[in-house]
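Quick notes on the structure that follows.
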Amino acid sequence: MNRYKKSRLFILVSIVSVLSFSLLFLTTKSNMEIPLVSSSARNIVSVANDMLSAPVRFLSERKVFFQDLIDAYSENQELKKTLSTLKNEAAENETLKKENEGLKASLNLASASDGQEMIGALVSVRTPVSWLNKMIVNKGSNQGVKSNMLVVANGGIVGLVTDVGESSSSVQLFTSSADFTKVAVRISVENESIYGILSGYDIENKAFIISQLNSSADIAVGSQVVTSDLAGDMASNLLVGQVKSVKTSSNNLSRELYVTPVADFSAIYSVMLVGGSNE
């Protein structure tokens, strides 16, 4: 078949297709009867319609499927946000619980510290780098904080106020190995009180070191240690800990006490700043 004949055939098929679609349209809209000669055109149109409708149906079904996926993804994102919020709230509640427990433990010292200035505060900064050395609390000179106030947490002393700002203060912890501030203490034995100096902290044994004892009397393991009632510049009768062991020098001229702290230094959230007597 030459090129001319092919062109004529293509034109003829195009005309038949257009007429067939037109007749089908007219039949649908006005119920017109199409002559029998158009039955072949009807078949062609029907086949074409089936071919075109198949992908349309497929895409319609897939649309519902993908819409379900999108809805499920959106719901999943919302659930993740809700779960994250609940976790944050749970963490905040746990922190508040620990802060309250610390304050309650510190407030239990009020009876033993009657007449002494007491200021409650929260720990605002305690970095891993200086975890054993210092921390910052959220009260300062505007709230009456002064240098050398003893810091109590979880029922026992943990440090000393060193630097005071208007609305915050630095606390040197008694677990610090540098520039340890010595504190006078009292050890209760059966018939007397023995005085000494809290002079350091043994990291390996996790115990305070007390030296310069003023008596050679026997001190039993488990004896209670509190801050001295003879040091007027610092708060007295605050719990320090219990005697863990007694170390005597080789010439028996001096002794050191190793004292287990009452306070838990790993979880300090709230503190009580205690000053000397107001009298």
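Residues in region 254-263: is at least one at positive phi and at pLDDT below 90? So far as region 254-263 goes, no, none of its residues is at positive phi and at pLDDT below 90.
Does M149 satisfy the condition of being farther than 18 Å from A267 by Cα and of a type outside the set (S, T, N, Q)? Yes, satisfied.
Among Y269, Y201, Y258, which is the only one that is over 30 Å from G144 (Cα atoms) and aromatic (F, W, Y)? The conditions single out Y258. The set of residues in region 217-226 that are part of a loop (DSSP other than H, G, I, E, B) and either aliphatic (A, V, I, L, M) or within 30 Å of W131 (Cβ to Cβ) (or both) comprises A217, I219, A220, V221, G222, S223. In this structure, G156 qualifies as under 23 Å from V225 (Cα atoms) and small (G, A, S). The number of residues in region 227-258 that are in a strand (DSSP E or B), open to solvent by less than 20 Å² (accessible area, probe 1.4 Å) and either over 25 Å from I203 (Cβ atoms) or in contact (Cβ under 8 Å) with a residue 60 or more places away in the chain (or both) comes to 4. Can you pull out every residue in region 106-143 that is open to solvent by less than 30 Å² (accessible area, probe 1.4 Å), among the hydrophobic types (A, V, I, L, M, F, W, C) and at pLDDT below 95? Within region 106-143, L109, I119, A121 qualify. If you check S223, S199 for being open to solvent by 30 Å² or more (accessible area, probe 1.4 Å) and farther than 17 Å from N154 by Cβ, only one passes: S199.
Within region 165-194, being surrounded by 11 or more Cβ atoms within 10 Å (Cβ to Cβ) and free of Cβ contacts under 8 Å to residues at least 12 places away in the same chain holds for one residue alone: S193.
The values are calculated or read from the model by the stated rules, or taken from the named source; none is laboratory data. The model shown is predicted, which means the values in this text are computed figures rather than measured ones. Backbone-built Cβ (ideal geometry, glycine too); neighbour counts: all protein chains shown. For the accessible areas, the whole protein counts, side chains as well, though only heavy atoms, and no ligand, DNA or RNA atoms are used. Shrake-Rupley method; radii C 1.70, N 1.55, O 1.52, S 1.80 Å.
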